[in-house]
Structure formats: C-alpha cells, structure tokens
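Here's the structure, in structure tokens; my notes come after.
The values are calculated or read from the model by the stated rules, or taken from the named source; none is laboratory data. Keep in mind that what you see is a predicted model, and the values were worked out from it rather than measured. These accessible areas exclude ligands, DNA and RNA; they are computed on the full protein's heavy atoms, side chains included. Shrake-Rupley method; radii C 1.70, N 1.55, O 1.52, S 1.80 Å.
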Amino acid sequence: KVKIRGAYSGNNSPVSAVPPVIQVQDNKTFSYQLVATDADGDSLNFRWGKVQEFFVAGGTGNTDNFTMPTGMTLSTSGLLSWDVRDSVLCSGCSQNDVNDVDDLWVAVIMVEDLDSSGNVKSYIPIDFFFKIASASNDPPEFTKFPTGTRTVSVGNTKTIKIKSTDDSGVAPTITVLNPPSDNSSIWDNTTSTSGGETTFTITFTPDSSMAGNTYVINIRSTDNDNMTKDQSFSIQVSAVANADPT
C-alpha cells in the first residue's frame, strides 16, 4: 500500500528483508527479531498478514488473519516467538514427530509506517518459511553483531565486523544473503577464523545512486552440520558528506 497523493504524498515506505527459509531447532523455544527501517524515521508496526492480502487473488474475501503455526506469536516491534517444546505443543502435532523434521511452516507479515497519530501511511508485505530442524544440534551463536541502524555517507566507507562461534568448537561459516550491491568496490567482505570463532568483516562504500536509500541485510551463520542462525541489521545511506570519526 502506497499513498500517491494527499497527506502522505512523498512518504517513503518501510524497507525489510528476511531469508526465504529460517531453521528452527525442534523441541526448543525459538525467537527471531524481524528488522525493518524507514527513510523518514517513521514509527513502525508489525502485524500478521490477512488471508485476503496474501492468499486470495485480487485481494478480496476473508479479512481474518492467516492461521499462524501453533504457539507462534508476533509483537508489534517484530519479535517472533515460537515454543516448539514437546511439552507445550498438542499431542500429535507434526512438530513433535521426529519423522516430520524438515516440515515447512509459513509466516506472512505486514510492516506499517505510522504518522504521529498512529495512522497507517503505507505498508509492505514479507513472507517466509520456518523449517523444523534437528533437536540435537544447537545453532551457532553471534558473539558480535551490529545493533540499530548504521548510517554511511555517499563516498565514505563503513566497516562492520560480525563474529560467530559454535558449540562444536569448529568455526562456523558466515554469509550475507542479500548484499545491496554485487560490485566489490561498493560492497565487499572477508572472513577469518581463530580458535573456533569466525570474524566476518564488511566494507560498504555506497555510490551516489544509493543516496537516501535504506537496506536491511540478512546475515547467516552455518555450522558443520548445516544448522543455521539468522540475524539482520539495517543501513541508511546519507547524501550528506560526513566521514566517521577516527
């Protein structure tokens, strides 16, 4: 939904990104923080998508929220929580069945930007799958990860470091799923390992075509058994020349 004219003329819609499939360790409590950013600095609201918004051709019909997986909750700030412990889910739920590991569960969500009175200015859809994974393999952990929205000016270079470890003692592999550019002079990354910890270093030097844009970057850490941990951060590109302090 984008307002072309009227009170919200010129409004920028929110920006978000999610991996297409997020792994969930079976028989555990799971949480995932959705990340979105808005070039205008508007307040953001996360809500479940409706049946007519995601599943009905033409966008008409059932106005109910879609039926989320049993026990999954979503906060207005974008925190997804899901308790998939056998003691919590109903008897016979497929999450409880070892033969149903690898089941896929869909989530559909709207991200809204709000005016000062809480009215919705615009909204964007995000949809993705949760994949139930082995209960015996803990995912890697991020030991260093950027918080908040990082700002970088056109022509300047922002360096971002991310670190991850795994309880196996083997350093995991860190990858970026959706870099804002495939030009290595704009976006590049290097990896090093030491003592079972992986350090992933990003350098981002946006060009003038990116001025005013915002991005949500999905980062994935993968252990030797292909269990993954996903986390995201946001970047805003400023047209104002302003180098970082040294």
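Report, in whole Å, the centroid distance computed from the Cα atoms of segment 103-144 and segment 1-18.
20 Å
Show that you can apply the helix-only estimate: for the chain, add -39,500 (n - 2.57) for every DSSP H stretch of four or more residues, divide by all residues, and state [θ] at 222 nm to the nearest 500.
Rounded to the nearest 500, the figure is 0 deg cm²/dmol.
Running Debye on segment 131-246 with equal point scatterers at the Cα sites and no solvent, what base-10 log of I(q)/I(0) appears at q = 0.10, 0.11, 0.19, 0.24 Å⁻¹?
Values, matching the q order: -0.33, -0.40, -0.96, -1.32.
Starting from the Kirkwood Rh over alpha-carbon pairs, what translational D in µm² s⁻¹ does the chain have by Stokes-Einstein at 25 °C and 0.890 mPa s? Don't skip to the end; give the middle numbers.
Working: Rh = 19.9 Å.
Calculated translational D: 124 µm²/s.
Ranked from the most accessible area to the least, with a 1.4 Å probe and all protein chains present, what is the order of Glu141, Glu53?
Greatest to least solvent exposure: Glu141, Glu53.
Using alpha carbon coordinates only, what is the Rg to Rh ratio of segment 18-80, with Rh defined as the Kirkwood radius?
1.01
Take Asp40, Asp166, Asp225 and sort them by solvent-accessible surface of the protein heavy atoms, 1.4 Å probe, largest at the top.
Numbers: Asp40 70, Asp166 15, Asp225 115 Å².
My answer, sorted largest first, is Asp225, Asp40, Asp166.
I'd like the accessible area for Arg47: 1.4 Å probe, protein heavy atoms, all chains in place, Å² to the nearest 10.
50 Å²
If DNA, RNA and ligands are ignored and the probe is 1.4 Å, what is the ranking of Ile4, Ile235 by accessible area, most exposed first?
Ile4, Ile235
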